[in-house]
Structures are given as C-alpha cells and as structure tokens.
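Contents: one structure, followed by commentary.
Since every read-out is calculated from the coordinates, none of them should be taken as a lab result. Because the structure is predicted, anything quoted here is derived from the model rather than measured. FYI the Cβ positions are ideal-geometry reconstructions off the backbone, even for glycines, and counts take in every protein chain you see.
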Amino acid sequence: MINIFLVVLLLFLVVVGVYAILTRSLIASVIALSVFSTTLTVIFLILQAVDVAMTEAVIGAGLVTSFFVVTINKTEEN
C-alpha cells in the first residue's frame, strides 16, 4: 500500500515540476515550487528520512518560497 502511495506522489511530483517550468505566470510557478517542496517533504517522511524532510520543509517550502514572493513583488512594475 505504501508503494502505491509513493508512486502516486512521485507522479504528482513530476506533474507539478513540469507545470512549474511551463507556466507563464511567475507567481503560479512559485506556488508550484512550494507544492513540489511540500510533496517532497512528505516523500522523505514516508522514506523515514526525518532530518532531510525537516530541512526540505524549512528551506524549500518556507524560505525559498518567501524569498521568491518578496522578489517578485519588489520587481513588478506598478
């Protein structure tokens, strides 16, 4: 059962990654990157790599997403 769930998550990871690359909107791409990092965190938890999962959650889903959103907001033309 875990293997099926893991395969579904990995396929979802591929779909989100492709969407993040092909979308034209920067904010949609950043949100897709955040979803990618969160899904990767869940996969690491399933694989019992808790330390890597915590690092991915804090840096990947938290800090990087925040930096991208702030950068996009500061560089948009008003």
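Normalised by the number of residues in region 16-75, the mean separation of alpha-carbon contacts (under 8 Å, six or more apart) gives a relative contact order of 33 percent.
Just to verify a number: FRET efficiency for N73 and A49, C-beta to C-beta distance, R0 = 25 Å, to 0.05? E(calc), rounded to 0.05, equals 0.15.
Taking 4 °C and 1.567 mPa s as conditions, the chain diffuses translationally at an estimated 97 µm²/s according to Stokes-Einstein applied to its Kirkwood radius (Cα pairs).
Modelled label positions at N3 and V15, each set 7 Å beyond Cα in the direction of Cβ, lie 2.2 nm from each other. Here each label is just a point 7 Å from Cα along the line to Cβ, and for I59 and S25 those points are 3.0 nm apart.
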